[in-house]
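The values are calculated or read from the model by the stated rules, or taken from the named source; none is laboratory data. Just so you know, these numbers come straight off a predicted model, no measurement behind them. With ideal geometry, Cβ positions are generated from the backbone for all residues, glycine too; neighbour counts draw on all protein chains shown. These accessible areas exclude ligands, DNA and RNA; they are computed on the full protein's heavy atoms, side chains included. Shrake-Rupley method; radii C 1.70, N 1.55, O 1.52, S 1.80 Å.
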Amino acid sequence: MTKNPYLPYPARIDDVAVETEDGNIKTFRIVFENERDRATWRHTPGQFAMLSIAGKGEIPIGIASSPTEEGFVLFTVNRAGVVTTALHQIEKGTRIGIRGPLGNGFPVDGAMRGKNILIIAGGFAFTTLRATLIYLLAHRANYGKITVVYGARTPGMLLYKDEFKAWQGLDGLDLNVTIDREAPGWSGLVGFVPTITERVAPSPENAAALICGPPIMIKFTMPPLEKIGWQDDQVYLSLENRMKCGLGVCGHCNVGPVYVCKNGPVFTREQVKKLPIEF
Amino acid sequence: MNILRLDINGLLDCLSSWAGGQELYGPVKDGWRRISRDGLEAVVSIPPGAPKAPIKTFFLAQPETLFTFSARHGDDDAWIPTPPKEAPNRRVLFGVRPCDARSIALNSMPYRDDPYYQARMDKTAVVGLSCNETCSTCFCKSVGGSPYGTEGLDILLTKADGGFIAEVLTSKGEGLLEKGTGTPAGDGDMARLKALRDAAQAGTSDTQALSASFKAKNLMQLYNARLWQGLSEPCLNCGACTFLCPTCYCFDIQDEVVRQAGRRIRYWDSCMFPLFTLHASGHNPRGEKIKRVRNRFMHKLKYFTERFGALSCVGCGRCIRECPVNIDIREVIRDLLSVE
């Protein structure tokens, strides 16, 4: 037994940024207290970690920063339950715990390498895709053209607005940010993610797609992709379920024979189709 | 492997030495009780079948403290997790039925890398008692076990000819016996053991056959089988089956703070409960009872079997005995095997 997988690393909240106009989504920048933990932390885009708030509990949250961003780890958290509510209330400088990284992540150095990449996201599901996009941009030569479709209800509900501005116009990056309905001051795309996807989706030739968002968005995004020849084994999805251990033991997150925490959270659509719909 | 013959006094001497030198536990009535030196008589006559309380209680503590922390904001070490310093005490579990012993071996697979489970395993010696008699709810033989099975045990005792034949199965088992305990078993004892084992296996199918059958079945065909609707209708989702089951090992983790002293604990949970899978958003992937009942059986018979090669059921019959609405896993196995 080399280490106890249940012990979180002590860390501090270094910075908090409110992401959305409703104030319900914040991004937390977290730094490790122990140099040893910082130095040994290695994650892949698409992985998650358990965040601990003393006395409240632990929650699984996707890692929003890329491993190429060193010295901190980012988590973008929607306020929903006991622990996320506590997290939203605590101040900068507070000590929390972080356990991980957990799960498999996107195959950025496997099946995605050398390919054109299509990233599709809706709402606040862009978090691990932010990690992925920054990773891809940091290793630009390893990938072909990158197409992003990202939608939210209103301009104020979009995540990482400043970063999207900075990514605008980068070579080989096709950004398509859309909102559901016309809004004052918005000059960008208007329309649901599936509609925009139909308009801009690249050829499936030598390509991989990563799709994260509400199930209804994923459902309607698939037909336009299938129409132009995308196959289920080229499409990567990230599942979510209630989790406790994150180690494939406690039994909470199983979808049939697989554990979202250990065998996932990233699965190809081909894999997901062979599973019961228990996520 | 060393095989000895023990008479009743020899066994009482062993029990006395275990009760004195470490902690001795045995089945008394429905539960597992600490046995003291002057209470040894309580465990030398054990009724047939497994006691109501499952053996997992010794390995999955209720609760297990994962770590402690100070919840006092001013403390420098507030929130820093401190793993428990005390190691579990050495103990002997006596009178463990082969079905329960097998559950220890099966649970060790998902808990292979779990430091808490393994620490308890390290400190525990398991002395089994084979089943010359079985109950109407026992079905170990049909799920790959045997009333004389040795899996998960350090020593197996078999009642024979007014005494016991002791099979010493591991070095931990060797360590339990003082020099000069018993006498080497004779050819007659060996023949007697073999005859008992053969008789128990007579008429039963190949022990690997059931897990092979379940592995060969198509997962989604089993999942979509019609039987789940009728099976789940009477279920109360009380969770008795999962709490009593020796191979149900799911857990929850919660934080507790009492007077600013915090601890994170892990304790048994049940997939029968709607909260088990409830998301913070309100979405529940197993919100309907049929899905929860199906998950329990599918995990035991199909998912675990695919992952680890054996069914997560040892045939102890506790769930059959205690289910308030008489759901019988033997019937579920039979019906699932006929799903085409």
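Quick look at the values:
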read-out: Using a Förster distance of 25 Å, the FRET efficiency for A:Asp174-A:Ala17 (Cβ separation, nearest 0.05); value: 0.40
read-out: Cysteines without a disulfide-compatible neighbour (Cβ-Cβ under 4.7 Å), chain A; value: A:Cys212, A:Cys253, A:Cys261
read-out: Heavy-atom accessible surface that A and B bury in contact, both chains counted, 1.4 Å, Å² to 100; value: 3400 Å²
read-out: Region B:52-94 residues near the modelled B:Arg34 label - backbone nitrogen below 13 Å, point 7 Å along Cα→Cβ; value: B:89-92
read-out: Two-decimal log10 I(q)/I(0) for chain A, as the Debye equation yields it once each C-alpha is a single scatterer, q = 0.13 Å⁻¹; value: -0.88
read-out: Rough spin-label spacing in nm, given labels placed 7 Å along Cα→Cβ, for B:Arg330 and A:Trp186; value: 6.4 nm
read-out: Euclidean distance between Cα centres, region A:151-183 to region A:63-119, Å; value: 20 Å
read-out: Charge sum, other residues only, whose C-beta stays under 14 Å from B:Lys302's C-beta, Lys/Arg counted +1 and Asp/Glu -1; value: +4
read-out: Of the trypsin sites (Lys or Arg not before Pro) in region A:150-218, those whose Cβ has at most 11 other Cβ within 10 Å and which sit in DSSP loop; value: A:Arg181
read-out: Value of relative contact order over chain A, rounded to a whole percent, pairs C-alpha under 8 Å and six or more apart; value: 17 percent
read-out: q = 0.11, 0.13, 0.27, 0.28 Å⁻¹: log10 I(q)/I(0) that the Debye formula gives for region A:20-91, counting C-alpha atoms only; value: -0.28, -0.39, -1.35, -1.39
read-out: Reciprocal of mean inverse Cα separation for region A:85-160 (Kirkwood radius, Å); value: 14.9 Å
read-out: Environment charge at B:Tyr223 (Cβ cut-off 11 Å; Lys +1, Arg +1, Asp -1, Glu -1); value: +4
read-out: Cα-projected label distance for B:Tyr267 with A:Ala39, points at 7 Å along beta-carbon direction, nm; value: 4.1 nm
read-out: In Hz, Karplus ³J(HN,Hα) per residue of region A:4-17 (6.51, -1.76, 1.60; θ = phi - 60°; x = Gly, Pro); value: 7, x, 8, 8, x, 7, x, 8, 10, 7, 8, 7, 10, 10
read-out: Relative contact order of region B:212-337, defined on C-alpha pairs under 8 angstrom at six or more residues apart (%); value: 29 percent
read-out: Computed helical MRE - 222 nm, the protein assembly as shown, DSSP H runs ≥ 4 contributing -39500 (n - 2.57), nearest 500; value: -7500 deg cm²/dmol
read-out: Links that overshoot a 32 Å alpha carbon limit, given the list A:Lys219/B:Lys217; A:Lys145/A:Lys262; A:Lys274/B:Lys123; A:Lys56/A:Lys165; A:Lys244/B:Lys123; B:Lys56/B:Lys194; value: A:Lys274/B:Lys123; A:Lys56/A:Lys165
read-out: Separation of alpha-carbon centers, region B:167-239 and region B:248-264, rounded to whole Å; value: 34 Å
read-out: Cβ-derived FRET efficiency at R0 25 Å, B:Asp113 paired with B:Ser213, nearest 0.05; value: 0.25
read-out: Cα pair distances exceeding 22 angstrom across region B:212-337, given as percent; value: 40 percent
read-out: Inter-site label distance for B:Met190 and A:Phe220 at 7 Å from Cα along Cβ, in nm; value: 7.7 nm
read-out: Relative packing of A:90-102, B:179-191, which averages over residues the other C-beta atoms within 10 Å, highest first; value: A:90-102, B:179-191
read-out: Where only alpha carbons of chain B are counted, the Rg and the Dmax (Å); value: 21.9, 72
read-out: Chain B - percent relative contact order, Cα under 8 Å, separation 6 or more; value: 22 percent
read-out: Binned Cα-Cα distance frequencies in region A:223-279 - 10 Å width, integer %; value: 24, 47, 21, 7, 0
read-out: Equivalent ellipsoid semi-axes, the protein assembly as shown, via Cα gyration tensor eigenvalues times 5, rooted, Å; value: 53, 28, 20
read-out: FRET efficiency estimate (nearest 0.05) - Cβ-Cβ, B:Asn237 to A:Lys145, R0 45 angstrom; value: 0.30
read-out: Net charge of neighbours whose Cβ lies under 13 Å from the Cβ of B:Glu86, counting Lys and Arg as +1 and Asp and Glu as -1; value: +3
read-out: Alpha carbon convex hull of region A:116-238, volume per residue in cubic angstrom; value: 99 Å³
